[in-house]
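The values are calculated or read from the model by the stated rules, or taken from the named source; none is laboratory data. This one's a predicted model, so the numbers in the text were calculated from it and none came from an experiment. Note: ideal-geometry Cβ built from the backbone for every residue, glycine included; neighbour counts use all protein chains shown. Please note that ligands, DNA and RNA were not included when accessible areas were found on the heavy atoms of the full protein model with its side chains. Shrake-Rupley method; radii C 1.70, N 1.55, O 1.52, S 1.80 Å.
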Amino acid sequence: MEQQLKELKERALEQIKEAGTLKELNEVRVAYLGKKGPITDLLKGMGKLPADERPKMGALVNVIRETVTEVLEERLVKLEEQAINEQLEKETIDVTLPGRPARTGNHHPITRVVEEIEDFFISMGFEIAEGPEVEKDYYNFEALNLPKGHPARDMQDSFYISEDILLRTHTSPVQARTMEAKGGEPIKIICPGKVYRRDNDDATHSHQFTQIEGLVIGEDIRMSDLKGTLSLFAKKMFGDEREIRLRPSFFPFTEPSVEMDISCFNCGGDGCNVCKKTGWIEILGAGMVHPNVLKMAGYDPTVVSGFAFGMGPERIAMLKYGVEDIRHFYTNDVRFVSQFHRTEA
(Lines give C-alpha, C1' and ligand atoms only; values in the text may rest on other atoms or scores of the structure.)
Protein backbone atom coordinates (compact mmCIF):
# COMPACT_ATOMS: atom_id res chain seq x y z
CA MET A 1 0.00 0.00 0.00
CA GLU A 2 2.77 2.41 0.88
CA GLN A 3 4.55 1.56 -2.37
CA GLN A 4 1.40 2.32 -4.35
CA LEU A 5 1.03 5.72 -2.65
CA LYS A 6 4.67 6.52 -3.39
CA GLU A 7 4.22 5.66 -7.06
CA LEU A 8 1.00 7.73 -7.16
CA LYS A 9 2.83 10.76 -5.78
CA GLU A 10 5.68 10.37 -8.27
CA ARG A 11 3.26 10.11 -11.21
CA ALA A 12 1.37 13.19 -10.07
CA LEU A 13 4.55 15.25 -9.61
CA GLU A 14 5.89 14.13 -13.01
CA GLN A 15 2.68 15.13 -14.79
CA ILE A 16 2.66 18.50 -12.99
CA LYS A 17 6.21 19.10 -14.20
CA GLU A 18 5.30 18.16 -17.78
CA ALA A 19 2.22 20.43 -17.89
CA GLY A 20 3.13 23.26 -20.29
CA THR A 21 -0.08 25.32 -20.15
CA LEU A 22 -2.60 26.39 -17.57
CA LYS A 23 -5.16 24.13 -19.22
CA GLU A 24 -2.91 21.04 -18.95
CA LEU A 25 -2.09 21.88 -15.33
CA ASN A 26 -5.78 22.16 -14.45
CA GLU A 27 -6.39 18.74 -16.03
CA VAL A 28 -3.67 17.24 -13.79
CA ARG A 29 -5.23 18.88 -10.74
CA VAL A 30 -8.65 17.47 -11.51
CA ALA A 31 -7.18 14.03 -12.30
CA TYR A 32 -5.48 13.70 -8.91
CA LEU A 33 -7.29 16.02 -6.49
CA GLY A 34 -10.73 16.12 -8.03
CA LYS A 35 -13.80 14.43 -6.55
CA LYS A 36 -13.11 11.30 -8.61
CA GLY A 37 -9.33 11.45 -8.28
CA PRO A 38 -7.26 8.65 -6.62
CA ILE A 39 -6.16 10.78 -3.66
CA THR A 40 -9.77 11.69 -2.85
CA ASP A 41 -10.79 8.02 -3.22
CA LEU A 42 -8.05 7.00 -0.76
CA LEU A 43 -9.27 9.50 1.81
CA LYS A 44 -12.85 8.27 1.41
CA GLY A 45 -11.69 4.63 1.83
CA MET A 46 -9.92 5.16 5.15
CA GLY A 47 -12.93 3.74 6.97
CA LYS A 48 -12.47 0.32 5.34
CA LEU A 49 -8.93 -0.11 6.66
CA PRO A 50 -8.17 -1.91 9.94
CA ALA A 51 -8.26 0.46 12.87
CA ASP A 52 -4.53 0.06 13.60
CA GLU A 53 -3.55 1.09 10.01
CA ARG A 54 -5.84 4.09 9.65
CA PRO A 55 -3.65 6.68 11.45
CA LYS A 56 -0.51 5.78 9.55
CA MET A 57 -2.19 5.52 6.16
CA GLY A 58 -4.28 8.66 6.78
CA ALA A 59 -1.18 10.69 7.64
CA LEU A 60 0.63 9.36 4.55
CA VAL A 61 -2.26 10.22 2.19
CA ASN A 62 -2.53 13.72 3.71
CA VAL A 63 1.20 14.31 3.17
CA ILE A 64 0.86 13.22 -0.47
CA ARG A 65 -2.15 15.52 -0.99
CA GLU A 66 -0.37 18.49 0.60
CA THR A 67 2.79 17.84 -1.44
CA VAL A 68 0.87 17.57 -4.73
CA THR A 69 -1.15 20.72 -3.88
CA GLU A 70 1.97 22.73 -3.03
CA VAL A 71 3.76 21.69 -6.24
CA LEU A 72 0.61 22.46 -8.24
CA GLU A 73 0.47 26.00 -6.82
CA GLU A 74 4.15 26.62 -7.56
CA ARG A 75 3.70 25.40 -11.12
CA LEU A 76 0.58 27.51 -11.47
CA VAL A 77 2.48 30.69 -10.56
CA LYS A 78 5.18 29.92 -13.13
CA LEU A 79 2.70 29.13 -15.89
CA GLU A 80 0.67 32.30 -15.17
CA GLU A 81 3.84 34.39 -15.39
CA GLN A 82 4.78 32.58 -18.58
CA ALA A 83 1.33 33.28 -20.09
CA ILE A 84 1.56 37.00 -19.23
CA ASN A 85 5.02 37.26 -20.79
CA GLU A 86 3.84 35.55 -23.95
CA GLN A 87 0.86 37.90 -24.19
CA LEU A 88 3.06 40.96 -23.66
CA GLU A 89 5.45 39.73 -26.34
CA LYS A 90 2.58 39.33 -28.81
CA GLU A 91 1.17 42.79 -27.98
CA THR A 92 4.49 44.65 -27.92
CA ILE A 93 4.28 48.21 -29.30
CA ASP A 94 7.20 49.48 -31.32
CA VAL A 95 7.86 52.74 -29.47
CA THR A 96 10.41 53.76 -32.11
CA LEU A 97 7.58 54.45 -34.57
CA PRO A 98 6.60 58.14 -34.81
CA GLY A 99 3.37 58.92 -33.01
CA ARG A 100 0.31 60.44 -34.60
CA PRO A 101 0.20 64.10 -33.52
CA ALA A 102 -3.04 65.21 -31.91
CA ARG A 103 -4.90 67.85 -33.88
CA THR A 104 -5.35 70.93 -31.74
CA GLY A 105 -7.77 73.77 -32.16
CA ASN A 106 -6.78 77.34 -32.83
CA HIS A 107 -8.16 80.81 -32.30
CA HIS A 108 -10.12 82.26 -35.20
CA PRO A 109 -8.22 85.19 -36.78
CA ILE A 110 -11.00 87.62 -35.79
CA THR A 111 -10.83 86.40 -32.20
CA ARG A 112 -7.07 86.87 -32.23
CA VAL A 113 -7.34 90.44 -33.50
CA VAL A 114 -10.11 91.31 -31.01
CA GLU A 115 -8.07 89.93 -28.10
CA GLU A 116 -4.97 91.78 -29.28
CA ILE A 117 -6.93 95.06 -29.41
CA GLU A 118 -8.49 94.39 -26.00
CA ASP A 119 -5.10 93.62 -24.45
CA PHE A 120 -3.69 96.89 -25.76
CA PHE A 121 -6.49 99.09 -24.43
CA ILE A 122 -6.65 97.25 -21.10
CA SER A 123 -2.95 98.05 -20.71
CA MET A 124 -3.93 101.71 -21.27
CA GLY A 125 -6.40 101.58 -18.38
CA PHE A 126 -9.58 100.99 -20.38
CA GLU A 127 -12.38 98.72 -19.19
CA ILE A 128 -14.41 96.40 -21.42
CA ALA A 129 -18.13 97.17 -21.57
CA GLU A 130 -20.79 95.01 -23.24
CA GLY A 131 -24.45 95.41 -24.09
CA PRO A 132 -27.39 93.71 -25.84
CA GLU A 133 -27.28 92.93 -29.56
CA VAL A 134 -31.05 93.34 -29.76
CA GLU A 135 -31.27 97.04 -28.98
CA LYS A 136 -33.79 99.82 -28.46
CA ASP A 137 -34.07 102.42 -31.18
CA TYR A 138 -33.43 105.11 -28.58
CA TYR A 139 -29.97 103.86 -27.57
CA ASN A 140 -29.00 102.88 -31.12
CA PHE A 141 -29.92 106.25 -32.64
CA GLU A 142 -31.57 108.99 -30.56
CA ALA A 143 -29.13 108.98 -27.64
CA LEU A 144 -26.32 109.32 -30.21
CA ASN A 145 -27.64 112.52 -31.78
CA LEU A 146 -29.50 110.67 -34.55
CA PRO A 147 -33.08 112.01 -34.33
CA LYS A 148 -35.99 110.39 -36.13
CA GLY A 149 -35.86 111.10 -39.83
CA HIS A 150 -32.06 111.07 -39.99
CA PRO A 151 -30.80 109.20 -43.11
CA ALA A 152 -28.81 106.73 -40.99
CA ARG A 153 -32.07 105.54 -39.47
CA ASP A 154 -33.43 104.31 -42.77
CA MET A 155 -34.98 100.88 -42.18
CA GLN A 156 -33.27 99.70 -45.36
CA ASP A 157 -29.96 99.93 -43.50
CA SER A 158 -31.03 98.08 -40.35
CA PHE A 159 -32.70 94.86 -39.24
CA TYR A 160 -35.83 96.02 -37.40
CA ILE A 161 -37.75 93.60 -35.18
CA SER A 162 -40.43 96.16 -34.38
CA GLU A 163 -40.73 99.92 -34.77
CA ASP A 164 -38.68 100.47 -31.61
CA ILE A 165 -36.50 97.32 -31.49
CA LEU A 166 -33.70 96.39 -33.91
CA LEU A 167 -30.42 94.53 -34.19
CA ARG A 168 -27.80 97.08 -33.23
CA THR A 169 -25.97 98.63 -36.17
CA HIS A 170 -22.88 99.54 -34.10
CA THR A 171 -21.66 99.11 -30.51
CA SER A 172 -22.28 102.81 -29.79
CA PRO A 173 -25.44 101.94 -27.78
CA VAL A 174 -23.11 100.42 -25.17
CA GLN A 175 -21.49 103.84 -24.84
CA ALA A 176 -24.90 105.52 -24.45
CA ARG A 177 -25.98 103.00 -21.81
CA THR A 178 -22.67 103.35 -19.94
CA MET A 179 -22.89 107.16 -19.88
CA GLU A 180 -26.45 106.95 -18.61
CA ALA A 181 -25.44 104.47 -15.88
CA LYS A 182 -22.37 106.45 -14.78
CA GLY A 183 -24.41 109.58 -14.08
CA GLY A 184 -21.72 112.13 -14.87
CA GLU A 185 -18.68 110.15 -13.70
CA PRO A 186 -15.50 109.78 -15.82
CA ILE A 187 -15.51 106.94 -18.36
CA LYS A 188 -12.76 104.99 -20.13
CA ILE A 189 -14.14 101.98 -21.98
CA ILE A 190 -13.98 99.93 -25.16
CA CYS A 191 -17.05 98.12 -26.48
CA PRO A 192 -16.39 95.00 -28.58
CA GLY A 193 -19.19 92.95 -30.12
CA LYS A 194 -21.16 91.84 -33.16
CA VAL A 195 -23.24 94.32 -35.14
CA TYR A 196 -25.73 93.94 -38.01
CA ARG A 197 -26.54 95.94 -41.13
CA ARG A 198 -28.51 95.23 -44.26
CA ASP A 199 -25.49 95.13 -46.55
CA ASN A 200 -25.19 92.88 -49.57
CA ASP A 201 -22.42 90.41 -48.82
CA ASP A 202 -19.36 90.82 -51.03
CA ALA A 203 -15.58 90.84 -50.71
CA THR A 204 -15.59 93.84 -48.34
CA HIS A 205 -19.12 93.89 -46.84
CA SER A 206 -21.07 91.55 -44.57
CA HIS A 207 -24.53 91.75 -43.00
CA GLN A 208 -22.90 90.72 -39.70
CA PHE A 209 -19.47 91.82 -38.54
CA THR A 210 -17.46 92.77 -35.45
CA GLN A 211 -16.90 96.26 -34.15
CA ILE A 212 -14.85 97.75 -31.33
CA GLU A 213 -15.61 101.26 -30.18
CA GLY A 214 -13.91 103.30 -27.50
CA LEU A 215 -15.06 106.15 -25.28
CA VAL A 216 -13.20 108.43 -22.89
CA ILE A 217 -15.01 111.15 -20.91
CA GLY A 218 -13.57 113.43 -18.26
CA GLU A 219 -12.24 116.92 -17.63
CA ASP A 220 -9.73 118.41 -20.07
CA ILE A 221 -9.97 115.61 -22.65
CA ARG A 222 -8.55 116.99 -25.90
CA MET A 223 -8.12 116.00 -29.53
CA SER A 224 -4.42 115.57 -28.78
CA ASP A 225 -5.32 112.82 -26.29
CA LEU A 226 -7.28 111.04 -29.04
CA LYS A 227 -4.41 111.37 -31.51
CA GLY A 228 -1.85 110.08 -29.01
CA THR A 229 -4.03 107.08 -28.13
CA LEU A 230 -4.64 106.17 -31.77
CA SER A 231 -0.96 106.63 -32.65
CA LEU A 232 0.09 104.15 -29.97
CA PHE A 233 -2.63 101.77 -31.14
CA ALA A 234 -1.41 101.91 -34.76
CA LYS A 235 2.17 101.20 -33.72
CA LYS A 236 1.05 98.27 -31.57
CA MET A 237 -1.02 96.66 -34.31
CA PHE A 238 1.10 97.42 -37.39
CA GLY A 239 4.65 98.22 -36.21
CA ASP A 240 6.58 100.96 -34.44
CA GLU A 241 7.42 102.72 -37.71
CA ARG A 242 3.77 103.44 -38.52
CA GLU A 243 2.62 107.04 -38.80
CA ILE A 244 -1.01 108.18 -38.61
CA ARG A 245 -2.96 110.83 -40.50
CA LEU A 246 -6.26 112.40 -39.37
CA ARG A 247 -8.62 113.65 -42.07
CA PRO A 248 -11.77 115.75 -41.46
CA SER A 249 -14.98 113.75 -41.65
CA PHE A 250 -18.55 113.71 -40.33
CA PHE A 251 -20.31 111.54 -37.75
CA PRO A 252 -23.52 112.72 -36.02
CA PHE A 253 -22.25 111.72 -32.57
CA THR A 254 -18.82 113.46 -32.71
CA GLU A 255 -17.74 117.02 -33.44
CA PRO A 256 -15.16 117.48 -34.81
CA SER A 257 -14.96 114.10 -36.56
CA VAL A 258 -11.99 112.48 -38.29
CA GLU A 259 -10.99 109.45 -40.32
CA MET A 260 -7.68 107.92 -39.31
CA ASP A 261 -5.21 106.55 -41.87
CA ILE A 262 -1.93 104.76 -41.21
CA SER A 263 1.16 104.84 -43.38
CA CYS A 264 1.17 101.75 -45.58
CA PHE A 265 2.99 98.89 -43.87
CA ASN A 266 3.50 97.16 -47.21
CA CYS A 267 5.33 99.88 -49.12
CA GLY A 268 6.28 102.29 -46.34
CA GLY A 269 4.32 105.10 -47.96
CA ASP A 270 5.76 104.85 -51.47
CA GLY A 271 2.50 103.60 -52.97
CA CYS A 272 1.37 100.04 -53.80
CA ASN A 273 -1.72 97.95 -54.51
CA VAL A 274 -2.50 97.61 -50.79
CA CYS A 275 -2.76 101.39 -50.25
CA LYS A 276 -4.06 102.04 -53.80
CA LYS A 277 -0.91 104.02 -54.62
CA THR A 278 -1.64 106.65 -51.94
CA GLY A 279 0.81 105.54 -49.27
CA TRP A 280 -1.98 105.57 -46.67
CA ILE A 281 -4.59 103.03 -45.49
CA GLU A 282 -7.89 104.02 -43.85
CA ILE A 283 -8.34 102.23 -40.51
CA LEU A 284 -11.06 103.81 -38.35
CA GLY A 285 -13.29 106.77 -37.58
CA ALA A 286 -13.11 108.95 -34.47
CA GLY A 287 -13.79 112.38 -33.01
CA MET A 288 -14.66 114.43 -29.97
CA VAL A 289 -17.97 113.45 -28.35
CA HIS A 290 -20.75 115.77 -29.55
CA PRO A 291 -22.10 118.12 -26.83
CA ASN A 292 -25.66 116.91 -27.55
CA VAL A 293 -24.63 113.32 -26.76
CA LEU A 294 -23.10 114.46 -23.48
CA LYS A 295 -26.22 116.43 -22.52
CA MET A 296 -28.61 113.55 -23.25
CA ALA A 297 -26.53 111.30 -20.99
CA GLY A 298 -26.52 113.78 -18.10
CA TYR A 299 -23.06 115.32 -18.60
CA ASP A 300 -22.34 119.06 -18.70
CA PRO A 301 -20.36 119.74 -21.93
CA THR A 302 -19.04 122.97 -20.42
CA VAL A 303 -17.31 120.97 -17.68
CA VAL A 304 -16.34 117.65 -19.30
CA SER A 305 -15.39 116.53 -22.76
CA GLY A 306 -14.48 113.25 -24.39
CA PHE A 307 -13.38 111.38 -27.46
CA ALA A 308 -14.72 108.29 -29.20
CA PHE A 309 -13.49 105.96 -31.92
CA GLY A 310 -14.72 102.92 -33.77
CA MET A 311 -12.98 100.22 -35.79
CA GLY A 312 -13.74 96.93 -37.54
CA PRO A 313 -11.53 94.00 -36.48
CA GLU A 314 -12.32 92.30 -39.80
CA ARG A 315 -10.68 95.14 -41.73
CA ILE A 316 -7.66 95.10 -39.43
CA ALA A 317 -7.40 91.31 -39.78
CA MET A 318 -7.64 91.58 -43.57
CA LEU A 319 -4.78 94.06 -43.59
CA LYS A 320 -2.60 92.18 -41.06
CA TYR A 321 -3.01 88.78 -42.71
CA GLY A 322 -3.46 89.75 -46.36
CA VAL A 323 -7.02 88.40 -46.61
CA GLU A 324 -8.74 89.65 -49.76
CA ASP A 325 -12.33 88.55 -49.06
CA ILE A 326 -14.16 89.20 -45.77
CA ARG A 327 -16.38 86.18 -46.41
CA HIS A 328 -13.46 83.86 -45.69
CA PHE A 329 -13.84 84.71 -42.01
CA TYR A 330 -17.37 83.27 -41.89
CA THR A 331 -17.36 80.21 -44.19
CA ASN A 332 -15.77 77.93 -41.56
CA ASP A 333 -13.31 76.52 -44.08
CA VAL A 334 -10.69 74.64 -42.05
CA ARG A 335 -8.13 75.15 -44.82
CA PHE A 336 -8.42 78.90 -44.26
CA VAL A 337 -8.55 78.96 -40.45
CA SER A 338 -5.68 76.48 -40.06
CA GLN A 339 -3.29 79.00 -41.64
CA PHE A 340 -3.46 81.19 -38.55
CA HIS A 341 -1.59 79.11 -35.97
CA ARG A 342 -0.67 81.08 -32.88
CA THR A 343 3.10 81.15 -32.57
CA GLU A 344 3.65 83.98 -30.13
CA ALA A 345 3.99 83.24 -26.40
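Rounding to the nearest 10 and keeping the result within 0 to 90°, find how far the Cα-based axis of helix 109-123 lies from the longest principal axis of the chain. Approximately 70 degrees, to the nearest 10. Per-peptide packing, taken as the mean over residues of other Cβ atoms within 10 Å, places 69-82, 126-139 in the sequence 126-139, 69-82 from highest down. Which FRET efficiency value, to the nearest 0.05, is calculated for Glu89 and Gln3 with the Förster distance at 45 angstrom and r the Cβ-Cβ distance? Taking R0 as 45 Å, the efficiency between Glu89 and Gln3 is 0.50.
Accessible surface for region 196-345, divided over its residues, is 52 Å² per residue with a 1.4 Å probe.
Solvent-accessible area of the chain (1.4 angstrom probe, protein heavy atoms only): carbon and sulfur portion equals 51 percent.
Between helix 172-182 and the chain there is an angle of about 90 degrees, using the helix long axis and the longest principal axis of the Cα atoms.
Dividing the helix sum by the residues of the chain, where each DSSP H run of 4 or more adds -39500 (n - 2.57), gives a mean residue ellipticity at 222 nm of -12500 deg cm²/dmol. Full extension of the chain segment joining His205 with Thr96 gains 34.0 nm, where the gain is 0.36 nm per residue of separation less the Cα-Cα distance.
By the compact-protein rule of thumb, 2.2 N^0.38 Å, the alpha-carbon radius of gyration of the chain corresponds to a ratio of 2.12.
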